[in-house]
Amino acid sequence: MSNINIIIRTADKTRKAELSIDLQQTGADIIQSAVENWSLPTDTDYSIVNTTSGTTIAPNASLKDSAVVDGNILEIQPVLVAG
Amino acid sequence: MTFERYQRHSLIDWFAQDLVQTAKVAIIGCGAVGNEVAKNLALLGVGSIDLYDFDTIEIHNLTRSVLFREHDVGKNKAEVAAMRIQKLDPNIKVNYFAGDFWDLLPLDKAQNYNCILCCVDNFEARIKLNQICTLTRTNLINTGIDSKFTQVEVFPFANNKQVACYQCNLPNTVYERMQARYSCGWLKKIAVTEKKIPTTIITSSLAAAMATSKALALINGNEFTKAESILINSATGVSSISNFEQNNCCIGCHTTKKHIFITKSSANITSKFNFSDNAKAEVNTSDPILVSYRCVKCNPNTNDCTVVFKKADDFDASLTTCKQCNHDSVDVVIQDSFTTHELINNYAGKKIPVKFLRLENKQQTTIIELE
Ligand SMILES: [Zn+2]
């Protein structure tokens with residue numbers, strides 16, 4: 001198990017945390033933890049963006065496969081459905 | 001007269017009015033964002049604009065819809081929006097299609113648009129439009145809003161064979177949420193209340209401005225090499241731009257080959273019906289088909305089933321309750337994959353009730369659009 005230190009925050013910047021995280025975790029795992037720990041609305045869907053590299057992390061891709069490295073800032077963004 | 005109308009545009013060095021005037025663009029969904037996009041495209045002088053919507057105008061739409069008036073309530077959204085933008089610029093060609101784009105937008109027509117702007121309000125329609133655009137390699141601009149955020153995503157399919165599609169990065173929760181509305185896999189649950197998401201003209205106009213800007217870039221021939229997403233917080237102005245990478249496990253595009261062949265065929269199943277040299281080759285249908293049903297209590301013999309062969313989407317979960325014995329004992333057979341042999345032997349004389357059939361071989365994806 002190899003861990004890295006990242007910053008995770010919500011798109012509106014009202015939530016932010018610095019944490020040590022396993023590189024095998026997927027984008028979906030991190031979103032789920034954020035939704036649970038920060039009590040984000042559960043009727044919304046979220047994606048996760050590596051704001052340092054400017055790339056969206058695919059839901060089932062691990063952080064390692066998504067080339068997330070120490071010090072990156074990941075942002076939880078809503079996937080908007082209304083039109 | 002026409003030149004004078006666009007004279008200010010001609011002063012902008014990056015603005016190619018001639019390309020804009022010959023451009024063909026489609027707007028799917030004429031709600032809040034669709035209204036604003038249609039208004040913007042018309043004022044820019046986009047030469048040909050096609051509007052698609054099955055829905056009718058309701059009084060609560062009027063707080064976000066610049067093209068609708070109180071006396072329009074009850075009328076089709078695409079029809080009214082088309083009429084109003086035609087008045088904004090009589091020089092442009094405007095068409096409307098009052099119905100579901102899945103039925104009204106043939107693939108060869110989709111291919112002719114410079115881009116399609118997706119302004120719908122649900123994931124199912126976005127996924128269907130993504131399918132049309134990935135298969136026809138038509139540029140897609142997706143929009144989404146809530147009461148605070150605006151999202152615009154560009155999928156430059158026309159010039160890139162290896163580019164992420166809308167589904168490549170769609171969260172699993174979207175599929176889980178859609179699946180929760182169905183029972184037995186594909187039958188709609190009877191009473192499902194859709195969540196209402198509040199929006200305002202602020203986020204809808206912001207989304208439309210950004211989406212129109214991206215449409216203009218595609219029309220002007222700007223090369224996008226990657227799919228991209230822009231999220232803007234309308235309250236603070238803070239925005240985030242990110243790229244989408246292609247997902248090798250994407251259920252929307254990972255089976256699609258680099259070479260796509262699109263053809264048309266009659267939907268009628270006759271003895272000559274053939275789309276592959278191999279009668280055992282599997283063809284996938286674009287929509288699941290409800291093949292048959294049978295009450296296991298009233299008709300224990302498996303051959304005593306009622307053959308339906310219609311789109312599963314036309315039915316709901318009430319079908320699983322037997323009308324004779326009143327038990328939830330009806331077995332429903334729904335398929336989205338058939339062999340030629342199976343179709344000719346079991347369903348000759350019927351029409352295949354879907355938009356297209358899809359065959360895969362090692363080199364090519366073949367799409368047979370049914371008419
Ligand atoms: Zn995809």
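Any read-out appearing in this document is the output of simple, stated calculations on the displayed coordinates, not a laboratory observation. Predicted model only: the values in this text are computed from it and were never measured. Note that each Cβ is placed from the backbone with ideal geometry, even for glycine, and that neighbours are counted across all protein chains shown.
See the values below:
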read-out	value
Beta bridges per DSSP with both ends in the protein assembly as shown, % antiparallel, nearest 5	65 percent
For chain B, share of DSSP beta bridges that run antiparallel, in % to the nearest 5	60 percent
Relative contact order [Cα under 8 Å, 6+ residues apart], chain B, whole percent	15 percent
Contact order relative to length of chain A, as percent, for alpha carbon pairs under 8 angstrom and 6 or more apart	38 percent
Relative packing of peptides B:25-33, B:47-55 - highest average C-beta neighbours within 10 Å first	B:25-33, B:47-55
Burial order of peptide ranges A:52-58, B:309-315, B:323-329 (average beta-carbon count within 10 Å, highest first)	A:52-58, B:309-315, B:323-329
Greater than 29 Å apart at Cα, pairs in B:Lys188/B:Lys214; B:Lys264/B:Lys311; B:Lys195/B:Lys258	B:Lys188/B:Lys214; B:Lys195/B:Lys258
Sparsely packed trypsin sites (Lys or Arg not before Pro) within the range B:212-273, loop by DSSP, other Cβ within 10 Å at most 10	B:Lys258, B:Lys272
Percent antiparallel among DSSP beta bridges (both partners in the range B:117-197, rounded to 5)	80 percent
Protection proxy ranking, peptides B:228-237, B:143-152, average beta carbon neighbours within 10 Å, highest first	B:143-152, B:228-237
Proximal lysines to B:Lys280, defined as alpha-carbon separation beneath 17 angstrom and excluding residues fewer than eight positions away on the same chain	B:Lys272, B:Lys362
